[in-house]
1. Condition test on A:Ala9, is it at pLDDT 95 or above and more than 28 Å from A:Gln250 (Cα to Cα)?
2. Suppose we filter region A:226-260 for residues that are within 14 Å of chain B (Cβ to nearest Cβ) and in a strand (DSSP E or B); how many remain?
3. Among the residues that make up region B:8-26, is at least one of them within 14 Å of chain A (Cβ to nearest Cβ), under 24 Å from A:Ile190 (Cα atoms), at pLDDT below 95 and not in a strand (DSSP E or B)?
4. I'm told A:Asp231 meets every condition in (1) under 30 Å from A:Thr3 (Cβ atoms); (2) open to solvent by 30 Å² or more (accessible area, probe 1.4 Å); (3) in contact (Cβ under 8 Å) with a residue 40 or more places away in the chain except one. Can you identify the failing condition by its number?
5. Tell me the residue from B:Gly49, B:Gly35 that is part of a loop (DSSP other than H, G, I, E, B) and closer than 21 Å to A:Thr187 by Cβ, please.
6. Give, as residue ranges, the helices (runs of 4 or more DSSP H) completely inside region A:135-223 that count at least 1 residues that are over 27 Å from A:Leu261 (Cβ atoms).
7. Need pairs with beta-carbon distance below 8 Å; first residue under 12 Å from B:Ala47 (Cα atoms) and within region B:5-21, second among the basic types (Lys, Arg); sequence gap 6+ or separate chains.
Amino acid sequence: MKTQWQPSADISTLKTRAEFLAKIRQFFHDQNVLEVDTPVLASFTVTDPNIESIAATCNGKTAYLQTSPEFFMKRLLAAGSGDIYYLGKSFRDEEFGAKHNPEFTMLEWYRVGYNDHQLIENTLELIFSLLPEAPVTKLSYKSLFEKHFNVNPHTVSVNKIKMIAQQYCDVQFDSDDVDVWLNLLFTHVIEPAMQGWFVVYDFPESQGALAKKAINEDGDVIAKRFEIYCDGLELGNGYWELTDAKEQRQRFENDVRQRKLHGYRDIHYDENILAALDSGMPECAGIAMGVDRLLMIKTKKLIINDVISFVFE
Amino acid sequence: MASFSTNEFRGGMKVMLDGDPCSILENEYVKPGKGQAFNRVKLRNLATGRVLEKTFKSGDSLEAADVVDQDMEYLYNDGEFWHFMDPASYEQHAADEKAVGESIKWLKEQDVCVVTLYNGSPLVITPPNHVELEITETDPGIKGDTATGGTKPATLSTGAVIKVPLFMSIGEIVRVDTRTGEYLGRATGGK
């Protein structure tokens, strides 16, 4: 067998990486945000149909490598932790590519009492303590679709959005899910056009996952979710967090139904997170960022392999 | 035939797309943190030579194409077909004009080419990257002119026309890059 023992990143990049992690910890220390080290292996995992967990066996039972520290962090928030951050590994199966590695470093943090826009400011403050200050364009998801395709993504019919998507991309599949076409246009047309720093906010309700629902100034139902991009590279996903256990349970149940419909692995949702929400998780906003990708921006690397010590082998 | 899922797609893999065999050139994984994953795939249609860019849902699959690349010796042209031989099995294959295509101008008997077989028949002929061919026609050579860097057209034994330095003459053997059609130097003989 041909061996490839050398690291995938060069040593000087790894030194930059170490400084980067130290600076992130310093930033949160200065803001009185507590570092928490939550489990990466647990019996439960996310139900999101678009995220696959890596299964392991622990004590003879199936357990999962966590795709994000979100559920444990929310349980800490409900237990009265106050502001917290996690800087460590997360795992997602089937994610391989120039910008994906199944094991990656995630920075996730929660600020109690913040809404999405306050957390956006806090996120930019962190980013520009690590990278050179630059102008940032903030746009709603809707305004991007209006600008590029002249449609309202919150009300467009599946046939209309499919027709638009097929004009831009030569697709080899069909779908009656509006979000599939919205995601296609977002990743294939909008992201490549976002040169520089962008914050996109107010996503479609159906793409809300664990975000609060709200109504925008035009009367569309939206999710209080935002995303950060640099030169079209997705760096972070934030929510003004849903605190309603009943609503969260419905969304989990819907995920489980979707999984069944698509023939994906059956995942039982975690009752602990629902119980934590039910006990009264404080109003807060949270964001997860891909640290490897932030480092790609910092070191001007185009491939994730160049910033991690050893890519999955 | 086996099939390949989008996350197995690699450069060089041969798959069937809309009834034509294609070679995968690039496979880019595109996935928003929350949402459907896609694979943006560049493929060359081996029947037409055209490069296509298609988007798949991650996890979808394509049937493998019965396409193999094999080194074969070029034997001769009978006016209609170009005949190649597998040096290991001595099995012969006849390629038509469409399969030979642009490679026609670089085919020299006994050279080893890559023959792409689709369902057992030659689909594409790829000449060696470098070939050595005789100049059959060119203006008289200017002796000793190795400094001015000027060039002149020369016709080679296969009919290809390339640019050669002014000092080259008829009967000399040149080394050519078949991918660019560029003159690389005088063949040093003995090959």
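1. Criteria met by A:Ala9.
2. The qualifying residues number 11.
3. Taking every residue of region B:8-26 in turn, none turns out to be within 14 Å of chain A (Cβ to nearest Cβ), under 24 Å from A:Ile190 (Cα atoms), at pLDDT below 95 and not in a strand (DSSP E or B).
4. (1)
5. Answer to the check: B:Gly35.
6. Answer list for region A:135-223: A:141-149, A:158-168.
7. B:Leu17/B:Lys54; B:Pro21/B:Lys14
Okay, residues lined up against (1) more than 14 Å from chain B (Cβ to nearest Cβ); (2) of a type in the set (S, T, N, Q); (3) closer than 30 Å to A:Val307 by Cβ:
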{"position": "A:Gly113", "(1), (2), (3)": "yes, no, no"}
{"position": "A:Asn122", "(1), (2), (3)": "yes, yes, yes"}
{"position": "A:Thr137", "(1), (2), (3)": "yes, yes, yes"}
{"position": "A:Gln166", "(1), (2), (3)": "no, yes, no"}
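The values are calculated or read from the model by the stated rules, or taken from the named source; none is laboratory data. The model shown is predicted, which means the values in this text are computed figures rather than measured ones. Note that each Cβ is placed from the backbone with ideal geometry, even for glycine, and that neighbours are counted across all protein chains shown. Remember, those area values only see protein heavy atoms, side chains included, never the ligands or the DNA or RNA. Shrake-Rupley method; radii C 1.70, N 1.55, O 1.52, S 1.80 Å.
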